[in-house]
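To start, the structure under review is shown below, and the notes come after it.
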Amino acid sequence: MSKYVRTIIGKVKAYAPGEQPAPGSKVIKLNTNENPYPPSPQVKLALRQIDSESLRQYPEPGADTFRRAAARVLGVDSEMIIAGNGSDELLNLLVRAYVEPGQAVAYPVPTYSLYLTLAEIQGATVIEIPFNENFELPDDLPTCGASLIFLSNPNAPTGTFIEPQAIEQLARRFDGVVVVDEAYVDFADDNCLRLVDRNRNIVVLRTFSKSYSMAGVRFGYAVAPRPIVKDLMKIKDSYNCDVVSIRLATAAIEDQAYMRRISDKIRRQRTYLTGQLEKLGFVVRPSSANFIWAQAPMRSAKTLYLTLKDRGILVRYFDKVGLRRNIRITVGLPKENKALIDALADILSELEGRR
Ligand SMILES: *Cc1c(COP(=O)(O)O)cnc(C)c1O
């Protein structure tokens with residue numbers, strides 16, 4: 001840290017992403033919820049057709065080509081859509097637009113830890129309300145005095161899902177903006193898109209990093225009431241999305257059939273993994289995402305995480321109060337999932353033998 005930094009920034013705890021091993025390494029990577037399948041063939045084609053000459057000029061400031069395509073696919077007005085450099089950028093814009101320093105951001109925990117970092121950078125107060133054992137919406141969320149509420153739905157890292165009806169009830173009791181972060185929604189049975197049109201304060205966020213298999217591209221979007229889109233447009237960077245990402249995201253969203261196909265495969269593997277983990281003694285929450293939150297059959301999951309890592313399998317372990325008994329496992333290819341289960345069976349029987 002330099003001596004020049006603002007006091008608030010000095011105190012911020014930087015967001016810690018999952019490990020990214022060097023490209024080309026042979027590890028089985030089940031730790032950052034990336035998609036194990038390639039992006040749509042239409043994306044591959046669009047990438048091949050990009051002429052380097054097109055890089056000479058600035059991109060469309062509002063990514064309008066993408067907005068029109070997304071509006072058609074989603075059945076909403078394009079003025080209700082704003083594109084971002086990953087949905088992380090949109091989360092950032094939302095905090096900057098709707099939370100004065102000193103005002104509060106609220107969210108149920110455990111959840112995506114970037115919410116905390118973004119709130120701290122803004123100088124906001126943070127109200128973290130623990131989920132109950134069934135991971136339902138805390139009753140006091142709308143009345144806790146916050147200006148903005150984040151809900152990851154499905155939630156990370158638990159994979160649990162809150163029914164849209166409950167979210168709408170919350171929004172109606174809350175005088176502030178409710179951000180429904182739907183990064184994993186394509187792996188769930190329902191979503192909150194229909195709530196945007198009939199509520200003034202609900203924003204839905206989507207990303208191309210998970211179900212569209214494009215975490216490397218950095219593209220996400222928000223669907224929000226028109227006045228909110230206008231606010232966010234005002235504060236975003238002029239050219240927040242680049243020529244290449246706009247083209248690729250447009251090709252990707254237009255190929256819904258492909259996205260559905262790979263998401264269905266992941267959901268079937270999720271069922272397989274859940275069953276196998278339960279057989280090994282893990283307690284597993286039904287997941288609506290492309291990962292599984294598994295409670296280890298012993299007090300701490302750290303040994304499991306480290307031993308798996310030694311064997312070339314990366315899963316996510318959170319060294320944090322209340323989370324140390326769990327590992328979060330991204331659903332991978334069938335052979336990767338099988339390798340994980342075989343390794344876990346092996347490790348558990350070894351630990352058993354030593355006791
Ligand atoms: C992956 C993820 C995002 C966003 O991702 P981008 O790659 O920035 O689009 C947002 N929220 C949650 C909960 C996520 O897991």
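Let me have the relative contact order for the chain, percent, based on Cα pairs under 8 Å that are six or more residues apart. That works out to 22 percent. Only bridges whose two residues both fall in the chain count here: according to DSSP, what percent of them are antiparallel, nearest 5? Expressed as a percentage, antiparallel bridges in the chain total about 45. Accessible surface calculations at 1.4 Å, restricted to protein heavy atoms, place the chain at 49 Å² per residue.
Across every direction, the projection of the convex hull enclosing the Cα atoms of segment 160-291 has a mean area of 9.8 nm².
Residue ranges 138-145, 261-268, 106-113 sort as 106-113, 261-268, 138-145 when ordered by packing (mean number of other C-beta atoms within 10 Å per residue, highest first). If R0 is 41 Å, the Cβ-Cβ spacing of Arg96 and Thr271 corresponds to a FRET efficiency of close to 0.55.
List the residues of segment 337-355 whose backbone N lies under 15 Å from a point placed 7 Å from the Cα of Thr303 along the Cα-to-Cβ direction. Under cut-off, by backbone N: 344-355. The alpha carbon gyration tensor of segment 276-353 gives principal lengths a ≥ b ≥ c with a/c below 1.5, which makes the shape rounded. Measuring how big segment 35-128 is from its alpha-carbon positions, Rg and Dmax come out at 17.9, 49 Å.
Calculate the FRET efficiency for Lys320 and Asp140 from the Cβ-Cβ distance with a Förster distance of 30 Å, rounded to the nearest 0.05.
0.85
Accessible surface of the chain, 1.4 Å probe: 49 percent of it comes from carbon and sulfur atoms.
A Förster radius of 35 Å combined with the Cβ-Cβ distance from Val5 to Ser52 puts the calculated FRET efficiency at roughly 0.35. Calculated from the alpha-carbon coordinates, the chain shows an Rg and a Dmax of 20.7, 66 Å respectively.
The values are calculated or read from the model by the stated rules, or taken from the named source; none is laboratory data. As the structure is a computational prediction, the values presented were derived from the model and not from experiment. All Cβ positions, even for glycine, are placed from backbone atoms using ideal geometry, and neighbour counts span all protein chains on display. All accessible areas refer to the heavy atoms of the entire protein, side chains included, with ligands and DNA or RNA removed. Shrake-Rupley method; radii C 1.70, N 1.55, O 1.52, S 1.80 Å.
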